[in-house]
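Right, one structure below, let's go through it.
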Amino acid sequence: MNILALETSCDETSAAVLKHGKVASNIISSQLAHQAFGGVVPEIASREHERLVVSVAAAALSEANIRKSELDFIAATSGPGLIGAVLVGLNFAQSLAFALKKPFVPINHIEAHIFSTFVDDGVDNPARIPAFPFVSLTVSGGHTMLALVQDDLTYRVVGRTIDDAAGEAFDKTGKMLGLGYPAGPLMDKLAKQGDAKFHRFPQALLSEDNFNFSFSGLKTSVQTFLRDKPEPFVQTHLADICASIQDAITSVLVAKTLAAAKRFQVNTVSVAGGVSANSELRRKFQAACASEGLSLHIPRPIFSTDNAAMIATLAHLKLQRGLASPNHYNVGAFAAFALPP
């Protein structure tokens, strides 16, 4: 089973090829045009995807050493995401499937993150695959969600953010501190030299008997804290402030996830999405899960952020189990014939 997958839900243009369940290529082109604006501009994202999608798909096929005629299925993100961005990859993939007379498999972006720990990049490590059932935390710039996942690939959402996502909280508070976009990785790096106890920022909903998250109050608290602080003070204590913000976000994520694992009596925890690349979040999860005797599964950072390998992997899992309903789409061949034979 050879699968070509496309991912264009936000600001990464990605294409991947899966050969018999293993990643043969995973090309990711991250858009730099948004840095000047301090966040993703949807119209720019869509136009960048249009500019890049053909070359990225061609690069994935080339690296995998496979011809279009050897593909068995085409898959793509069908949402959620920035609608214009999603449509570029979706239309391209459907058109390519139509041109090649191959079945097309639509994939939910969040579901792909949930199952990204199943991505097989050729490393012989069976322990990377979580045992069912497991509690999954999906945490990114646009989503923060807890789900209870069953062995038939179904899942029940048991908690989600009621306002802002954790990744957005990192980026927006980082912007308040004058950091570039995306601020999350920069805050992670600075926080390593800071004191997380420098200031106690709020950890919302920890006392509530549910698994929901809230980060809007944290952003307001950081804004209020910085309002009367002179610039020299902020720069002197920049690492400490980053560490304190990071501690507030990651502590809530870990506490809620472990509480869900305890409530639903599961022994396995999975963490995915772009924020799962945060080193402090990984450290806290490793320590907490070891203390509680839980098995922890976090994909490698390259498969944590938006990538097409996770789209192809979920398509493969669904096709294996007969859960996907591939279709031949009768649509115009948008850019499909621009790829090599």
If residue 316 satisfies all but one of (1) modelled with pLDDT of 95 or more; (2) surrounded by fewer than 22 Cβ atoms within 10 Å (Cβ to Cβ); (3) in contact with a strand residue (DSSP E or B) (Cβ under 9 Å, 6 or more places away or on another chain), what's the number of the condition it fails? (2)
Scanning the stretch 47-77 for residues that are at pLDDT 95 or above and small (Gly, Ala, Ser) gives 55, 57, 58, 59, 60, 62, 64, 75, 76
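Let's see how each residue does on (1) in contact (Cβ under 8 Å) with a residue 40 or more places away in the chain; (2) in the same structural domain as residue 159 (by TED's automatic domain parsing); (3) of a type in the set (Phe, Trp, Tyr); (4) in contact with an Asp or Glu (Cβ under 6 Å, 6 or more places away or on another chain):
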{"residue": "189", "(1), (2), (3), (4)": "no, yes, no, no"}
{"residue": "212", "(1), (2), (3), (4)": "yes, yes, no, no"}
{"residue": "215", "(1), (2), (3), (4)": "yes, yes, yes, yes"}
{"residue": "225", "(1), (2), (3), (4)": "no, yes, yes, no"}
{"residue": "252", "(1), (2), (3), (4)": "yes, yes, no, no"}
{"residue": "259", "(1), (2), (3), (4)": "yes, yes, no, no"}
{"residue": "278", "(1), (2), (3), (4)": "yes, yes, no, yes"}
{"residue": "282", "(1), (2), (3), (4)": "no, yes, no, no"}
{"residue": "293", "(1), (2), (3), (4)": "no, yes, no, no"}
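State all residues of the stretch 257-283 that are within 19 Å of the chain's Cα centre (by Cα) and not small (Gly, Ala, Ser); if no residue qualifies, say none.
Start the filter on the stretch 257-283 by keeping residues that are within 19 Å of the chain's Cα centre (by Cα), which leaves 257, 269-283.
Within the stretch 257-283, 257, 269, 271, 275, 278, 280, 281, 282, 283 qualify.
Quick check, is residue 155 surrounded by fewer than 22 Cβ atoms within 10 Å (Cβ to Cβ) and closer than 30 Å to residue 231 by Cβ? Don't jump to the end; show me each part of the working.
Values: surrounded by fewer than 22 Cβ atoms within 10 Å (Cβ to Cβ): yes; closer than 30 Å to residue 231 by Cβ: no.
For residue 155, the condition - surrounded by fewer than 22 Cβ atoms within 10 Å (Cβ to Cβ) and closer than 30 Å to residue 231 by Cβ - is not met.
Does at least one position in the stretch 137-153 carry a residue that is of a type in the set (Val, Ile, Thr), assigned by TED's automatic domain parsing to the domain that holds residue 273 and part of a loop (DSSP other than H, G, I, E, B)?
Taking every residue of the stretch 137-153 in turn, none turns out to be of a type in the set (Val, Ile, Thr), assigned by TED's automatic domain parsing to the domain that holds residue 273 and part of a loop (DSSP other than H, G, I, E, B).
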Consider only pairs whose beta carbons are under 6 Å apart and that are at least six residues apart or on different chains; among these, list those whose first residue lies in the stretch 64-80 and is at positive phi and whose second residue is modelled with pLDDT of 95 or more and surrounded by 21 or more Cβ atoms within 10 Å (Cβ to Cβ). 79/86
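The values are calculated or read from the model by the stated rules, or taken from the named source; none is laboratory data. From a predicted model like this one, the values you see are computed outputs, not experimental measurements. Here the Cβ is made from the backbone with ideal geometry for all residues, glycine too, and neighbour counts use every protein chain on show.
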